[in-house]
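What follows is a short report on a single structure.
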Amino acid sequence: MSGASRPGFVHRFDPRAKLILLLPLVAGYFLPVTPVLLLPCTAALVLLIAVALGPSALLPPLRAIAPVLVLICLLTPPFYAGGRVFVSILHVPVLTAVGLRTTLTLLLRFLGLTLGFFLAMRTITLDQLVPSLRWFGLPYTVCLVIVIALRTIPAVSTTWRNALDAHRLRADPSRQRGRRRIVERYLPVLTSVFIEAVKGIPVLAMTLESRGFGRANRRTEFLALKTGGALARDMLVCAILTLLLILPLLLRVSAPA
């Protein structure tokens with residue numbers, strides 16, 4: 001969630017505008033359009049991430065969704081037998097023109113949505129997220145729950161990896177076989193993670209108290225979001241990008257067949 005080490009124009013862009021841009025992005029990827037129109041949007045996201053965060057920043061989201069992309073490539077084409085047949089097994093169409101187009105559409109949709117949310121969340125800090133969501137009218141408790149969840153999931157993941165590495169150093173490799181051995185291997189790790197989670201309860205309670213959870217009085221914020229001309233400029237850019245993104249897709253959808 002934290003920004004990159006080299007803050008660029010994407011990081012300086014108002015977080016509220018970035019959240020607003022996610023709406024037409026999601027809507028555009030779900031419109032019934034061809035891969036030819038989805039490809040430039042996805043390529044632009046890839047280029048934007050590479051410029052704003054560095055090319056290496058593309059690896060974590062791609063690695064995370066790689067199994068899903070592989071399943072889409074394997075399972076989608078056989079279910080669409082229309083159009084020209086490219087590959088067939090025992091006279092059964094396996095890859096057709098319709099299947100290929102549908103597969104590309106699903107790949108670009110899944111990839112584009114993943115990269116869009118990844119770019120937004122990597123360039124919006126948690127300190128910016130709460131006042132931004134509050135600006136949209138969300139209750140403070142809802143914003144706090146979202147932020148705590150976003151902080152807790154990576155923390156639990158880190159605790160799991162650390163506990164797993166610690167138990168691996170103490171384990172006997174000759175006894176790591178069979179189902180029973182798998183249970184014996186991971187049960188201590190789960191126990192360690194559970195203990196660490198219980199130890200973190202007082203810290204979480206003090207965090208909630210320091211943030212005024214449960215209080216009805218008006219809250220003050222140390223972080224001030226953009227106002228005036230700076231906010232108007234970012235919102236204007238947001239509106240222009242929204243038109244550039246959604247208008248060609250809408251024109252293509254409304255065009256007669």
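The values are calculated or read from the model by the stated rules, or taken from the named source; none is laboratory data. Worth saying up front: this structure is predicted, and the values here are computed from it rather than measured. Because the Cβ atoms are built from the backbone with ideal geometry, glycine has one as well, and the counts that use them run over all protein chains shown.
Some notes on this structure:
- Neighbours by Cβ (under 9 Å, 6+ apart or cross-chain): first from segment 227-249, at positive phi and surrounded by 14 or more Cβ atoms within 10 Å (Cβ to Cβ); second modelled with pLDDT of 75 or more and in a helix (DSSP H, G or I): none
- Looking across 233, 161, 151, one residue alone is at pLDDT 85 or above and within 29 Å of the chain's Cα centre (by Cα). It is 233.
- Tabulated pairs, segment 173-201, first of a type in the set (Ser, Thr, Tyr), second modelled with pLDDT under 80, C-beta under 9 angstrom, 6+ apart or interchain: 186/167; 192/167
- Scan segment 165-196 for residues that are of a type outside the set (Asp, Glu), surrounded by 12 or more Cβ atoms within 10 Å (Cβ to Cβ) and modelled with pLDDT under 80 and the total you get is 7.
- Check on residue 112, within 28 Å of residue 133 (Cβ to Cβ), touching a helix residue (DSSP H, G or I) at 6+ places or on another chain (Cβ under 6 Å), in a helix (DSSP H, G or I) and modelled with pLDDT under 85: no
- Subset of segment 136-146 (residues that are modelled with pLDDT of 80 or more, surrounded by 13 or more Cβ atoms within 10 Å (Cβ to Cβ) and over 20 Å from the mean Cα position of the chain (by Cα)): 138
- For residue 81, the requirement of being in contact with a strand residue (DSSP E or B) (Cβ under 6 Å, 6 or more places away or on another chain) and small (Gly, Ala, Ser) is met.
- Filtering segment 147-159 to residues that are small (Gly, Ala, Ser) and surrounded by 12 or more Cβ atoms within 10 Å (Cβ to Cβ) leaves only 155.
- Some residue of segment 4-16 being at pLDDT 85 or above, in a helix (DSSP H, G or I) and surrounded by 15 or more Cβ atoms within 10 Å (Cβ to Cβ): yes
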